[in-house]
Amino acid sequence: MTETADELSTPLGQDTKRKKRRFRLPFTAMQALAVLLGLFLVGFASIALFTDNPFGGEPVAHVAMRKTPVADEKATAAASGPAGQAATSAPKQAAAGENKTVTIIDGSSGKRQDVVIGGDAGNKNDAETAPATAMAGIDPRLLEKSRYGMIPVVADGLKPFTVYAADADRAKAAKMPVVAIVVGGLGVGAAKTVDAIMKLPPAVTLAFTPYGADPTKLAERARAQRHEILLQVPMEPFDYPDNDPGPQTLLTTLAPEQNIDRLYWHMSRIQGYAGIANFMGARFVATDAVMQPIIREAAKRGLGYLDDGSTPRSAAPALAAGQAMPFTKADFTIDAVPTSAEIDRTLLKLETLAKERGLAVGVASALPISIERLAAWIKTLETRGILLVPLTTAMLKSKSG
């Protein structure tokens, strides 16, 4: 019998338990992690090398094209004589202008959407007017295609200023003092824009900046609530670029054709507006040489112009008069100091001016306090002998004397 060294060294009479040897892996945890990482990289490289997918890693939209069902052939075959000939010719016309249904599948969310495309969808004129006719109340005749999209134009003796003006009792407005209110800065911030649309009466004019995720949708909602709308065009302030209105701002340092090109960009962002207004722009509107082409272009396209009254040196009044363009200038910024007391005080000044002169125009932003005080004030305005009118009505009254 063989004995180990441990057994020989054990004291006599004592039987100690033999310790079990712990099992050890032939590699460390770090070595295992390195092996797994290497296998992953090899697998990824294999997929990249041997998979023919040029859009690998990007979201993919799958589009399925299928024809819409054609009318039952038996029904057309049952017809006879001249009537039958007319009936059988219908499928041929349908084939020439065959409809197709496109199923768009969002590669990231899996959402499906079916869109029917007509056989003549490739027609250039139809393609150009499709975005306009899809919007309620937009007259496609008053749109012209630019390189940025559709912009307003005069056509068939119609002007956007008159077609998109809100309804008003102009006979009544001619006989009593009127006040026009314009709430601006809309389109950026859907919540405040919707508040202005829904909480203020239709006679309040709403002015949209060209920015925001979907200004077209919000502008369309405003028009659906019978508000008339304006487009605010960003123009250079005195402290530009420290104070920057946004992309495509009209600048005094640019040539007239460059500013006109930028104006087209802004004009294409929404449709259905009756006029434009400056967004900031104290330096630009006071510079006759750069302001004149803008006023001339807007007048040529059948629009009115609102000067927000931010600078007393504005060249807009004289330039608009030279173009026989509908025009007015804001008398007060209602929420220059955005407190209830100051807003109410400015509204009282607006009333006083309307009674003295027959017409007053106020501008405000879509701050919650501004909307709240305006809504409350407007409810009691007519009881004090003053009529709230859309801006276009105020412009026409101002022009008439």
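The values are calculated or read from the model by the stated rules, or taken from the named source; none is laboratory data. In this text the structure is predicted, and so the values were computed from the model without any measurement. Positions of Cβ are backbone-derived with ideal geometry, glycine not excepted, and every protein chain shown enters the neighbour counts. For accessibility, only protein heavy atoms count, side chains too; no ligands or nucleic acids. Shrake-Rupley method; radii C 1.70, N 1.55, O 1.52, S 1.80 Å.
Just one of the numbered conditions (1) open to solvent by 20 Å² or more (accessible area, probe 1.4 Å); (2) among the polar types (S, T, N, Q); (3) within 23 Å of the chain's Cα centre (by Cα) is not true of SER310: (3). Filtering region 236-273 to residues that are free of Cβ contacts under 8 Å to residues at least 40 places away in the same chain, surrounded by 15 or more Cβ atoms within 10 Å (Cβ to Cβ) and on the phi > 0 side of the Ramachandran plot leaves only GLN248. All told, GLU342 meets the bar of being out of contact with any strand residue (DSSP E or B) (no Cβ under 8 Å at 6 or more places or on another chain), closer than 25 Å to GLY189 by Cα and acidic (Asp, Glu). Kindly evaluate PRO140 against the criterion of being touching a Leu at 6+ places or on another chain (Cβ under 8 Å), open to solvent by less than 60 Å² (accessible area, probe 1.4 Å) and modelled with pLDDT of 95 or more. When the stated conditions are applied, PRO140 does not pass them. No other residue among GLU356, GLU372 is more than 30 Å from the chain's Cα centre (by Cα) and more than 26 Å from ARG301 (Cα to Cα) apart from GLU356. Scanning region 347-401 for residues being crowded, with 18+ Cβ neighbours inside 10 Å and of a type in the set (Lys, Arg) gives a total of 2.
Filtered by the rule that a residue be at pLDDT 95 or above and within 19 Å of ARG147 (Cα to Cα), region 211-230 gives no residues. Here ARG269 clears all of (1) in contact with a Lys or Arg (Cβ under 7 Å, 6 or more places away or on another chain); (2) in a loop (DSSP other than H, G, I, E, B); (3) not polar (S, T, N, Q) except the condition numbered (1).
Determine whether region 240-257 contains at least one residue that is closer than 23 Å to ASP288 by Cβ, assigned to a helix (DSSP H, G or I) and not hydrophobic (A, V, I, L, M, F, W, C). It would help to see each step written out before you state the result.
Within region 240-257, the subset closer than 23 Å to ASP288 by Cβ is 240-241, 243, 245, 248-257.
Going one step further and asking which of them are assigned to a helix (DSSP H, G or I), we end up with 256-257.
Okay, now just the ones that are also not hydrophobic (A, V, I, L, M, F, W, C), so 256-257.
Among the residues of region 240-257, at least one is closer than 23 Å to ASP288 by Cβ, assigned to a helix (DSSP H, G or I) and not hydrophobic (A, V, I, L, M, F, W, C), which makes the answer yes.
Once region 201-224 is narrowed to residues that are part of a loop (DSSP other than H, G, I, E, B) and open to solvent by 10 Å² or more (accessible area, probe 1.4 Å), the residue that is nearest to LEU374 (Cα to Cα) is PRO201.
Answer yes or no: is there a residue in region 353-362 that is small (Gly, Ala, Ser), in contact with a Phe, Trp or Tyr (Cβ under 8 Å, 6 or more places away or on another chain) and within 30 Å of GLY385 (Cα to Cα). Checked region 353-362: at least one residue is small (Gly, Ala, Ser), in contact with a Phe, Trp or Tyr (Cβ under 8 Å, 6 or more places away or on another chain) and within 30 Å of GLY385 (Cα to Cα).
Scan region 186-200 residue by residue and report those that are on the phi > 0 side of the Ramachandran plot and either hydroxyl-bearing (Ser, Thr, Tyr) or open to solvent by 10 Å² or more (accessible area, probe 1.4 Å) (or both). Walk me through it before giving the result.
Within region 186-200, the first condition is being on the phi > 0 side of the Ramachandran plot, and the residues that meet it are 187, 189.
Listed by number, the list holds a single entry, GLY189.
Let me confirm something: among ALA324, ALA282, ALA318, which residue is surrounded by 19 or more Cβ atoms within 10 Å (Cβ to Cβ) and among the aliphatic types (A, V, I, L, M)?
Working: ALA324 fails: surrounded by 19 or more Cβ atoms within 10 Å (Cβ to Cβ); ALA318 fails: surrounded by 19 or more Cβ atoms within 10 Å (Cβ to Cβ).
The conditions single out ALA282.
On the stretch given as region 167-216, residues that are under 20 Å from the mean Cα position of the chain (by Cα), over 20 Å from LEU350 (Cβ atoms) and not basic (Lys, Arg) total 20.
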